[in-house]
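Student: Sending over a structure as structure tokens; questions will come in a sec.
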Amino acid sequence: MSTHTDRLHDRKFVRTFFTTPTAVEGEDDSAKMLRRAAQLRGMEAPDVWVPDNEDATAPSMRDEGVENMIDVISEHGADFPGEIHPRVVWHRESPTTRYQGFQQILELADPDNGAVEHLDGFVIPEVGDIDDWKKADEFVTIVENEYGLPEGSLAMSVIVESGEAELALADLREEMGNPSNNLERLFLLVDGEVDYTKDMRAITPTGELPPWPELRHNTSRGASAAGLIAIDGPYDDIRDVDGYHERMTENQAKGMLGIWSLTPGQVVEANKSPLPPETGSWHLEVDDREVELEEEDGRYVYDGDEIDLEEASDDRYRLRVGSDERELDGDELTQELLDRTSYIPSLNDIVDSMEEFEAAKEAGKGAIAMERSATLAIDGIEVDISNDRMWDEATYQAAQTPITLFQDVYENRPDQHEKLAEIYGEDLVERALVVG
Amino acid sequence: MSTHTDRLHDRKFVRTFFTTPTAVEGEDDSAKMLRRAAQLRGMEAPDVWVPDNEDATAPSMRDEGVENMIDVISEHGADFPGEIHPRVVWHRESPTTRYQGFQQILELADPDNGAVEHLDGFVIPEVGDIDDWKKADEFVTIVENEYGLPEGSLAMSVIVESGEAELALADLREEMGNPSNNLERLFLLVDGEVDYTKDMRAITPTGELPPWPELRHNTSRGASAAGLIAIDGPYDDIRDVDGYHERMTENQAKGMLGIWSLTPGQVVEANKSPLPPETGSWHLEVDDREVELEEEDGRYVYDGDEIDLEEASDDRYRLRVGSDERELDGDELTQELLDRTSYIPSLNDIVDSMEEFEAAKEAGKGAIAMERSATLAIDGIEVDISNDRMWDEATYQAAQTPITLFQDVYENRPDQHEKLAEIYGEDLVERALVVG
Amino acid sequence: MSTHTDRLHDRKFVRTFFTTPTAVEGEDDSAKMLRRAAQLRGMEAPDVWVPDNEDATAPSMRDEGVENMIDVISEHGADFPGEIHPRVVWHRESPTTRYQGFQQILELADPDNGAVEHLDGFVIPEVGDIDDWKKADEFVTIVENEYGLPEGSLAMSVIVESGEAELALADLREEMGNPSNNLERLFLLVDGEVDYTKDMRAITPTGELPPWPELRHNTSRGASAAGLIAIDGPYDDIRDVDGYHERMTENQAKGMLGIWSLTPGQVVEANKSPLPPETGSWHLEVDDREVELEEEDGRYVYDGDEIDLEEASDDRYRLRVGSDERELDGDELTQELLDRTSYIPSLNDIVDSMEEFEAAKEAGKGAIAMERSATLAIDGIEVDISNDRMWDEATYQAAQTPITLFQDVYENRPDQHEKLAEIYGEDLVERALVVG
């Protein structure tokens, strides 16, 4: 079924958007960082690489930046495993800046310079309302026409970093069908929270960025409605790997599966984050926190201090959670622990469940119960828990997202095949490629 | 005052949206569930009953499902205490499915089949942008015209389960006035979080649904702006009654007063949830949780471990909350406890306050202070607290929502009169019917 | 650079929106409150004063309210240090009320009455969709024309207190450029949560207002996109100063820097809240709460019970946080504490950082590391921590918001100069006025 929201680009998913300064002053070779980034491979290489001729590069170095990009991309572009989308300058409130952006695109896309055959598109920052997006689109159309490239062959991604641009997200679906533009070239919608914070004039006591949950929702929804891909902005506390993962987990629950990366280390984390884990795990809710249980001989053991369990008498148990203590019979205890546990399935678990549902569907069933059971051990007492979840067509399709992403990664990133096999094993990789 | 956002339908409020498969394979009577649901009464019967010929019924059983609905609704429809709105198939991206949906509506509404006189409308799932809603509306118009029914007599409700449909919520108010459609027939806006999660391509570690607070806000706002009624999607952990109630409380604070129910048990909970409680209760905030205080001889007693209170010396008290211990004089203690307590008023309390304000307004006052006081007892020490809240016209009107809902339920659900009298007493029911 | 979202009014920021009843029955002088409010000065005087002829004043007193406003504003208006914007009556669903609103504006703006020269604009409550906003705008245009005032000289602010008005926020930017209206007169977008709660038909158990985070986001975004100023609604628990401050901190992180005030006491709090603190402070995260550390002899001391630290052996430490205990070496301990601490900079700190960045930019650098270090002391053990944050142009500009606000306050509120000098010292005030 072909639909109007089919994504028009090769990648259906983008996990990583990695920016690199195009010219750094004071180095022997001002293109050194660019050259190094162009040679990243495997998990360190992003899905989308963004030589950044805007904020990451000093204004005085941007002309040199264009030359550097042409140099490095024409030399290394053919072998780069991800897509390449340079960021040029742009500003909704400055025709000067917009004209500079146009000139940078003209130069980068000139076939005589040898880079354009490796370029997948351009990233336009600081866009305003939809008419401003059209101005950038029109420049790219003119450039395509000038150099005899097919209309729409160069993608366009935008940084959403103003209230106006956030509002434009609601107009995309309608405007993209309009014959007087080529907005079908749109690819990524990227949030830029630093400039957005400035544009919204927000203040936090510590100077940290506000979380902007509504912006991220609206970007993700705009992407969904228009067949585009939503990407979150930079996470600038580079040391804080846990925080980066928490942010990605939050984003994924909003349908925003990609994120900006500032270093190859962040690229590795962000490439892996939306892929299902290699092993499943049981978690126990204690005091609003989730504690992962350790597996020992097939049992899942809680050995913290915040829960105590002891047998009071025959089939009576005393359970203390924090300062709340209760006496329960065996069934009540099982129920209480079931309510407090959750299971995070592995890739293998997800593939199993999908295969099982596919077989049931083949056999004419619309819905089946998926069971998940385990033995918990708390203070030496073992409790068997088991939960059922009904799967119907809708559950099946919603569960499919991480698998479709896995397949998209596999198809587009041969340089990561080895690493995927190492993480999951060859057999599982093959099963994951055919399910769904 | 007649306004453009007056709701056009009989019900001003809908608490419950209960779906039933239309045909289940492997049973002697494939319409068994349908037949049982049609005979629900009282708190087990929903405000809106939805024989579900889409996701709840296997595709191969849907033709039989149409026949079953005709059978059961023509036999039991006249006596069913709620409204009846079958769900037919539809998809924004499939003309085949849309044509099937049209055929199902044609058949169900055929006066020769005897069901249409008991049908209040249809539920259309998987709608896209507003033009897609109009396609469904047009089919219903054609059906009404074909069978000589007045235009707009069959209601239309939609399931919002895509980013496009969420965006369409902002267009409703404007489009509903357009003479080239009959969108005035719109009734319920129902969130469908499972398919929405798929459409948004969201991922959570456990596979649970994301909370989607923005979707629920936008649905509720769309309903408010267009005079429609907002309903939350299914809560599929049927065992988890507490979780279902928490979800409903959250929804109510968003103006979304109705919810999907999957079982008669859930219908009972959801029918009761937005009605005020029969008795008021005092709650004490301890460690970010609310603990309900028990009434004993007119005092409200806290007997947990997390708060200690003792007299230090004359009018000096030592109060420990968690690991935070302080010495306070009597006034400070009263203030501290006042800050930590809240009161959840009963239906009787709300009716009292409204009557009091109405009398004050009659006497020419624009605002009055409503006092609420209680004696708390902690570790044997009694503390009297009392708080004032200013009521003006706006407070009065905002407080009126649960009463208006109560009145709407009473007017439209005679089968629940007995239960309401049992819960609240005849006298209070009568006072609640005339206040406001 | 002049832009279409430049704010058209004198004030670029409004911290406080203070309403006063225009006529109170039963007093010797029904204008007493108005007269007292008109004479507020310094921190007790709001940026925008709103004589309120709508909800704060009984309907029967509103004609007298118009006379009172004329009296008091013509007498005291010239000396009032803030702007004056009376609220008149209006309702999207009542032409009667709208016509009364028009008459009130006509009377207040009549040059013969002597008040108009001190009036900055009008506040229109209960607006609906954008066409309703235009009706109010048109009345003001007619009034301006009638009295020979320049078109657009009277500002218009609206109370957003319906789903329709919330939706209209997305249309503002486009509509304000339309030659057939004068919506460029728009100034403040003010949320009115009590009536909004009624319009959305929301229910909370205690009757408290829901938090409505999406409404506040959408109002702030609408203001940002259209060059207007966003203001939060009234906080009616007047005793609860901490709660008022928490609300303002939340709002500021949404870009909503102003709030309604109901008393001169609230005005003082709200005037100070968005200004940076006079002294910086270190905070430690304990159990999801932030605890401010006390400075003693240059060290920042934690003396609570929830964290214990002791030396286990040479360069090994035992750290307990709540019930979680770990052994760490010196580097791990430093890292752990660094992760748990945050610094809230003072005005002096912000000015220092901006000056430092400006000097670096002058010297040709695009980004510099800002270091912040401190010695923490827990249970007598001292730990030195230090963190770096990269500042580039975007960080610099985002950090600038509180400074721009400070400068706007200084320029427009000479009556607060003395207080600002008292809080920050003359020197720092002068440096803050020239930076940025």
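Student: Non-local amide H neighbours of residue B:12 (under 5 Å, H modeled in plane, Pro and chain starts lacking H): which ones?
Tutor: Amide H neighbours of residue B:12, under 5 Å, 5+ apart: none.
Student: Can you list the copy-to-copy distances for residue B:382, using a point 7 angstrom from Cα toward Cβ, in nanometres, shortest first?
Tutor: 5.5, 5.5
Student: Looking down the axis that turns B into A, which residue of B has the closest beta carbon, and how many Å out?
Tutor: B:214, 3
Student: In whole Hz, with x marking every Gly and Pro, tabulate ³J(HN,Hα) for segment B:24-36 from phi via Karplus 6.51 cos²θ - 1.76 cosθ + 1.60, θ = phi - 60°.
Tutor: Each residue of segment B:24-36 in turn: 10, 5, x, 8, 4, 10, 5, 9, 4, 5, 4, 4, 5 Hz.
Student: Once you place label points 7 Å from the Cα toward the Cβ at residue B:308 and residue A:263, how far apart are they in nm?
Tutor: With each label point 7 Å from Cα toward Cβ, the separation is 4.7 nm.
Student: I've got another one for you. Taking only protein heavy atoms into account and a 1.4 Å probe, give the accessible area per residue of segment B:281-395 in Å².
Tutor: 54 Å²
Student: Rounded, prolate or oblate: which fits the protein assembly as shown when a ≥ b ≥ c are the square roots of the eigenvalues of the alpha-carbon gyration tensor, with rounded for a/c under 1.5 and prolate only if a/b beats b/c?
Tutor: Cα axes put the protein assembly as shown in the rounded bin.
Student: What's the carbon and sulfur percent of chain C's accessible surface, probe 1.4 angstrom, rounded to a whole number?
Tutor: Details: 7710 of 18010 Å².
Solvent-exposed carbon and sulfur of chain C make up 43 percent of the total.
Student: With the label 7 angstrom out along Cα to Cβ, how close does residue A:60 come to the same site in each of the other copies, in nm, nearest first?
Tutor: Shortest to longest, the spacings are 7.6, 7.6 nm.
Student: How well do other chains shield peptide C:54-66, expressed as the mean number of their Cβ atoms within 10 Å of each residue Cβ?
Tutor: Counting Cβ atoms of other protein chains within 10 Å of each residue's Cβ and averaging gives 2.
Student: Just to be sure I understand: with springs between alpha-carbon atoms less than 10 Å apart, which residue in B:267, B:321, B:190 has the highest mean-square fluctuation in the Gaussian network model of chain B?
Tutor: Result for chain B, Cα springs under 10 Å: B:321 fluctuates most.
Student: Between segment B:360-436 and segment B:140-176, what's the alpha-carbon centroid distance in Å?
Tutor: 37 Å
Student: At 222 nm, what helix-only mean residue ellipticity would chain A give, in deg cm²/dmol to the nearest 500, using -39500 (n - 2.57) for each DSSP H run of four or more?
Tutor: The helix contribution divided over chain A gives -11500 deg cm²/dmol.
Student: While we're looking at this one, here's another question. What does the charge count near residue C:308 come to, summing +1 for each Lys or Arg and -1 for each Asp or Glu among other residues with Cβ under 9 Å from its Cβ?
Tutor: Result for the neighbourhood of residue C:308: -3.
Student: Let me ask something else. Apply 1/(1 + (r/R0)^6) to the Cβ-Cβ distance of residue B:145 and residue B:78, taking R0 = 30 Å, and write down the FRET efficiency to the nearest 0.05.
Tutor: The formula returns an efficiency of 0.75 here.
Student: Over segment C:16-272, give the accessible area per residue in Å² for a 1.4 Å probe, as an integer.
Tutor: 34 Å²
Student: Collect residues whose amide H, placed 1.01 Å from N in the peptide plane, falls under 5 Å from the amide H of residue A:261; neighbours closer than 5 in sequence don't count.
Tutor: Placed amide hydrogens put A:17, A:18, A:19 under 5 Å from residue A:261.
Student: Considering only DSSP states other than H, G, I, E and B, which GluC sites (Glu not before Pro) in segment B:1-103 qualify as loop sites with at most 14 other Cβ atoms within 10 Å? List each step's numbers first, then the result.
Tutor: Details: sites: B:25, B:27, B:44, B:54, B:64, B:67, B:75, B:83, B:93; in loops: B:25, B:27, B:54, B:93.
In loop regions of segment B:1-103 (DSSP not H, G, I, E or B), the sparsely surrounded GluC sites (Glu not before Pro) are B:25, B:27.
Student: What are the label-to-label distances in nm, one decimal and shortest first, from residue C:305 to the same spot in the other copies, with labels 7 Å along Cα to Cβ?
Tutor: Copy-to-copy label distances for residue C:305: 1.4, 1.4 nm.
Student: Please count, across chain A, the pairs of lysine residues with Cα atoms under 22 Å apart that sit 8 or more places apart or on different chains.
Tutor: Here the count comes out as 5.
Student: Tell me the net charge near residue B:38. Cut-off is 9 Å between Cβ atoms, residue B:38 excluded, with +1 for each Lys or Arg and -1 for each Asp or Glu.
Tutor: 0
Student: I would also like to ask the following. Segment C:205-227: which residues show an accessible-area loss of 50 Å² or more, assembly versus chain alone, 1.4 Å probe?
Tutor: C:205, C:206, C:214, C:217, C:221, C:224
Student: How much accessible area does residue A:176 have with a 1.4 Å probe, in Å² rounded to the nearest 10?
Tutor: Near enough 20 Å² of accessible area.
Student: Give the interface area between chains B and A as buried accessible surface, both sides summed, probe 1.4 Å, in Å² to the nearest 100.
Tutor: 3000 Å²
Student: Okay, moving on. Using 0.36 nm times the number of residues separating residue C:404 and residue C:421, minus their current alpha carbon distance, what extension gain do you get? Each step should come with its number before you reach the end.
Tutor: On the way: separation 17, 0.36 × 17 = 6.12 nm, distance 1.71 nm.
Once the chain is fully extended between residue C:404 and residue C:421, it gains 4.4 nm.
Student: Accessible surface of residue C:339 in the full protein assembly, 1.4 angstrom probe, to the nearest 10 Å²?
Tutor: Using a 1.4 Å probe on the heavy atoms, I get roughly 90 Å².
Student: Now for a separate question. Rounded, prolate or oblate: which fits segment C:281-395 when a ≥ b ≥ c are the square roots of the eigenvalues of the alpha-carbon gyration tensor, with rounded for a/c under 1.5 and prolate only if a/b beats b/c? The partial results should precede the final answer.
Tutor: On the way: a/c = 2.61, a/b = 2.10, b/c = 1.24.
Verdict is prolate for segment C:281-395.
Student: Can you give the accessible area of residue A:272 in Å² (nearest 10), computed on protein heavy atoms with a 1.4 Å probe?
Tutor: Result for residue A:272: roughly 80 Å² accessible.
Student: A drop of at least 30 square angstrom in accessible area, chain alone versus all protein chains together, probe 1.4 Å. Which residues of segment C:366-403 meet that?
Tutor: Residues losing area: C:389, C:394, C:397, C:398, C:401.
Student: What are the residues whose amide H is under 5 Å from the amide H of residue C:160, where those residues sit 5 or more places off or on another chain and H is modelled from the backbone?
Tutor: Counting only residues 5 or more places away or on other chains, the set is C:190, C:191, C:192.
Student: Here's something else I'd like to know. Just grab the label-to-label distance for residue C:249 and residue A:373, each label 7 Å out from Cα along the Cβ direction, in nm (one decimal).
Tutor: Between residue C:249 and residue A:373, the label points sit 4.9 nm apart.
Student: So, one more: Over chain B, what is the relative contact order in percent, taking alpha-carbon pairs closer than 8 angstrom and at least six residues apart?
Tutor: Contact order relative to length: 13 percent.
Student: Using θ = phi - 60° and the Karplus form 6.51 cos²θ - 1.76 cosθ + 1.60, what ³J(HN,Hα) does each residue of segment C:370-387 get, whole Hz, x for Gly and Pro?
Tutor: Values, residue by residue: 9, 9, 9, 9, 7, 9, 8, 10, 10, 6, x, 8, 9, 10, 8, 10, 7, 10 Hz.
Student: Roughly how many nanometres apart are two label points built 7 Å out from the Cα toward the Cβ at residue B:411 and residue B:292?
Tutor: Taking the simple label geometry, residue B:411 and residue B:292 are separated by 3.1 nm.
Student: A further question on this structure: Rounded to whole Hz and in sequence order, give me ³J(HN,Hα) for segment B:61-68 from the Karplus expression 6.51 cos²θ - 1.76 cosθ + 1.60, θ = phi - 60°, writing x for Gly and Pro.
Tutor: Running phi through 6.51 cos²θ - 1.76 cosθ + 1.60 with θ = phi - 60° gives 9, 6, 5, 4, x, 4, 4, 4 Hz.
Student: Which peptide among A:99-109, C:407-417, B:362-372 comes first, and what is the full order, when sorted by highest mean count of other Cβ atoms within 10 Å?
Tutor: A:99-109, C:407-417, B:362-372
Student: Also, I was wondering about something else. What residues of segment B:71-104 lose no less than 40 Å² of accessible area with every protein chain in place versus their chain by itself (probe 1.4 Å, heavy atoms only)?
Tutor: Residues shielded by partner chains are B:93.
The values are calculated or read from the model by the stated rules, or taken from the named source; none is laboratory data. Every value quoted in this text rests on a predicted model; they were computed, and no experiment measured them. Cβ coordinates were reconstructed from backbone atoms using ideal geometry, including for glycine residues, and neighbour counts include every protein chain displayed. Side chains included, ligands, DNA and RNA excluded: accessible areas come from the protein's heavy atoms. Shrake-Rupley method; radii C 1.70, N 1.55, O 1.52, S 1.80 Å.
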